[in-house]
Amino acid sequence: MIELSEELLLRMYYKINQARFFEAKLDELVAKGKVHGAIHLSMGQEATGVMSCLALEEGDLVSLSHRGHAQAIGFGLDVNLMMAECLGKATGYCKGKGGSMHIADVENGNLGANGVVGGGFSLSCGAALTQKYQKTGKVVLCFAGDGATNGGNFHESLNLASVWKLPVVFLIENNQYGMSTPIEKHMNIENISDRSEAYNMPGLTIDGNDFLDVYNTVTKALRYARAGKGPVLIEAKTYRYNGHSQSDNQLYRDKQEVREWQKKDPVQKMKEYLREHRIFTEKQIQKMEDEAKASIDQALEFANASPEPQLNAVLEDVYAGGVN
Amino acid sequence: MKTSDMKKMTYRDALRLGITEEMHRDENVIFMGEDIGLYGGAFGVSAGLLEEFGEDRILDTPIAEAAMVGTAVGAATTGLRPICEIMFMDFITLGMDALVNQAAKMRYMFGGQSQVPMVLRLPAGSGIGAAAQHSQSLEAWLCHVPGLKVVTPSTPAQAKGLIKAAIRDNNPVCFIEHKLLYDKVGLVPLDEDYLVEIGTTVVERPGKDVTIVAYGTTLAKAIEAADFLEEEGIKVEILNPVTLYPMDMKPIIESVIKTGCLIVAHEASKTGGLGGEIVARVVESEAFDYLNAPIIRLGGLDVPIPFNQELEASVVPQRNDFVHGVYRLLNRE
């Protein structure tokens, strides 16, 4: 059991709330028609994205999935710039050219959310190759969903990462559905982590709604990869409350199923833990929630007040200038 | 350049020389591909590099192009400058997501945050009896994707200068090598700073009567035709767009203004081929008013490349296609 400092617990609870409020706000904006384009919400599965990123060391890198808001917030991205990007503003992380699906902060090691399911696996191998080659001691954490593990990119990349002993941790958020297709209809195994056996790497299945399970397991996996022992595959079982995106009317599941998973809500579970262990007072807990919520309201204010990109930006940044 | 500063070598050796110089120049340059280590690469380009640079820098990959190209992209965005050899250009189909959806888009969709300095070496074209799945010329696909640069050297000197420029470029560069060129011999500058700048079109042969635009092995056939026609007093001007994207159209337009006649040729299938794009750009330009005759496009037949040698040769433009084209343009047939 890894000892967690109060400071870390505070950060964890603040960020998981931030992630929840951020997406609740986005959901509201979508309903009001104030956001255009695809928005993939991860409400219900935030513990995985947030806690795994909090297990990273300074300088480690991440590759996010298309459902990456909680992952980005866990990694430490500024919610102001994230919200601005979701609204397509010039102040956003990608100057309004990426949107929710491509939030990136490359300089700080967030290699970007990926709109192609499974697109990040091989990119993560490459980023990990750089770490190994340059002996940085850093690890790459690669996020993807359950559906991505059926594609060739997953298998090719795990094989390559294993053969080359790359410092990469593949974290699969198994939210039970590949868009609308339930997992039992798109793979014939119980645990995705079993796929690690084919590549001779450790594979672990964890409760993705349990902040401690996520944090502890990812911490150990990162340690393993950092020690030069090669990649690790982690499957975090979790659930998304919203549809795949705004166009989803969720004909594939009943409301009862959603309610059952809401009883295992990751934010609530963490709150109960904090109460049970009397780590913080009720007042402190409330304060953290209020602050997290306020940060999102402020992010929206920032985004709303931000300018649209100039039209001439449409031609910028297709190519990098200069030569080596 | 004095010939004493040049050395006769094959296109293959010129490529290797360029790669070797750049790998010595910058230790972040790495080279990955299938069987490029001990085996030396399917066409021998990487022979000896494993011994010279070791297995940290010369990486044999599994036969898995999706992972290979994606790994190159990920390495490029994090500080390395990978060269990636796709054994046959045809197999880029297996790595297209990493190239088209990732490498080409990242900089733009991340608002200029990243750069992807990588070179994808792509042995292309027909002529070795490798049949339909190992003989394609797919450059038009690549030129159609903003964010990629596409180059194709036709001589040993260009091969060296261009591979060096491609490795130094901060963008994903698709580097197309026609397989029939590997054994071609020519004088190559030994200067380590000799570069063929990306974005240039080379006047391979000055002339005044007809303009021919050609690259790859089709260029060699155009030159043969020009030699033949010269004996009849016809002077053909031949231009070689060593950079297919972004193509330097200026010398082509200027040449057409001078000659009034244009043949555009490539081995790739005519329909949707790059020839159509070049022609369109010429007729959109001031050169349109100078055209004396309809433009001729010579391209591969719209069929897969067949195995039988005669059938194979019949698919792609040959010397006589150029000769007859020139006759037609000059009303000599």
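Please compare each pair in A:Lys25/A:Lys138; A:Lys95/B:Lys149; A:Lys89/A:Lys138; B:Lys160/B:Lys235 to a cut-off of 27 Å on the Cα-Cα distance and tell me which ones are over it.
Numbers: A:Lys25/A:Lys138 34 Å; A:Lys95/B:Lys149 24 Å; A:Lys89/A:Lys138 32 Å; B:Lys160/B:Lys235 29 Å.
Going by Cα-Cα distance, A:Lys25/A:Lys138; A:Lys89/A:Lys138; B:Lys160/B:Lys235 fall outside the 27 Å limit.
Could you list which residues have their amide H under 5 Å from that of B:Leu59, counting only those 5 or more apart in sequence or on another chain, with H placed in the peptide plane?
Amide H to amide H, under 5 Å and 5 or more residues apart or across chains, B:Leu59 pairs with B:Phe31, B:Met32, B:Gly33.
Nearest 20 debye, what's the magnitude of the dipole of segment A:6-301 about its Cα centre given +1 on Lys and Arg Cβ and -1 on Asp and Glu Cβ?
Here segment A:6-301 has a charge dipole of around 340 debye.
With just the Cα atoms defining each centre, how far is segment A:289-324 from segment B:216-233? Give it in Å.
Cα centroid of segment A:289-324 versus Cα centroid of segment B:216-233: 56 Å apart.
So how far, in whole Å, is the C-alpha centre of segment B:113-154 from the one of segment B:237-261?
21
Which whole-angstrom value gives the distance between the alpha carbon centres of segment A:211-251 and segment A:1-65?
12
At R0 = 25 Å, how high is the FRET efficiency between A:Glu197 and A:Glu272 if r is their beta carbon distance? Nearest 0.05 is fine.
0.10
If R0 is 35 Å, what FRET efficiency do you get for A:His36 and A:Glu7 from their C-beta distance, rounded to 0.05? List each step's numbers first, then the result.
Values: r = 39 Å, r/R0 = 1.12.
Computed FRET efficiency for A:His36 and A:Glu7: 0.35.
Where is the GNM fluctuation largest for chain B (alpha-carbon springs, 10 angstrom cutoff): B:Glu21, B:Glu312, B:Glu52?
So, out of B:Glu21, B:Glu312, B:Glu52, the one fluctuating most is B:Glu52.
Using DSSP to define loop residues, name the chymotrypsin sites (Phe, Trp or Tyr not before Pro) in segment B:220-328 whose beta-carbon has at most 12 other beta-carbon atoms within 10 Å.
Qualifying residues, ordered by number: B:Phe307.
Spin-label point model (7 Å from Cα, Cβ direction): what's the A:Asn188 to A:Asp290 distance in nm?
Each label point is offset 7 Å from its Cα along the Cβ direction, giving 5.7 nm.
With the solvent-accessible surface defined on protein heavy atoms using a 1.4 Å probe, which residues belonging to segment B:59-78 display a reduction of at least 50 Å² in accessible area in the multichain context relative to the isolated chain?
Relative to the lone chain, where solvent access is computed with a 1.4 Å probe, segment B:59-78 loses at least 50 Å² at B:Pro62, B:Ala67, B:Thr71, B:Thr78.
If R0 is 45 Å, what FRET efficiency do you get for B:Asp227 and B:Glu55 from their C-beta distance, rounded to 0.05?
For R0 = 45 Å, the calculated efficiency reads 0.45.
What's the buried accessible area, both sides, between A and B using a 1.4 Å probe, rounded to 100 Å²?
Details: alone 15450 and 14330 Å², together 26240 Å².
The summed interface area works out to 3500 Å².
Rounded if a/c is under 1.5, else prolate if a/b beats b/c, else oblate: with a ≥ b ≥ c from the C-alpha gyration tensor eigenvalues square-rooted, which is segment A:6-301?
Note, shape of segment A:6-301 comes out rounded.
Explain nothing, just compute: Karplus ³J(HN,Hα) = 6.51 cos²θ - 1.76 cosθ + 1.60, θ = phi - 60°, for every residue of segment A:302-315 in order, whole Hz, x for Gly and Pro.
Values, residue by residue: 4, 5, 5, 7, 7, x, 6, x, 5, 4, 5, 5, 4, 9 Hz.
For every other residue with a beta carbon closer than 9 angstrom to the beta carbon of B:Arg121, add +1 if it is Lys or Arg and -1 if Asp or Glu, then tell me the sum.
Values: positive: none; negative: B:Glu85, B:Glu177.
Value of the local net charge: -2.
Between A:Gln246, A:Gln176, A:Gln256, which gets the highest mean-square fluctuation from a Gaussian network model of chain A, Cα cutoff 10 Å?
Top of the fluctuation ranking is A:Gln256.
Excluding ligands and nucleic acids, what accessible area in Å² is computed for B:Glu224 using a 1.4 Å probe, to the nearest 10?
Roughly 100 Å² of B:Glu224 is accessible to a 1.4 Å probe.
Of A:Asp297, A:Asp254, A:Asp146, which is the most mobile in a GNM of chain A whose springs link Cα atoms less than 10 angstrom apart?
In this elastic network of chain A, the residue with the biggest mean-square fluctuation among A:Asp297, A:Asp254, A:Asp146 is A:Asp254.
The values are calculated or read from the model by the stated rules, or taken from the named source; none is laboratory data. Quick caveat, the model's predicted, so the values are computed rather than measured. Heads up, the Cβs are rebuilt from the backbone with ideal geometry, glycines too, and the neighbour counts pull from every protein chain shown. When the accessible area is computed, the model is the full protein with side chains, heavy atoms only, and any ligands, DNA or RNA have been set aside. Shrake-Rupley method; radii C 1.70, N 1.55, O 1.52, S 1.80 Å.
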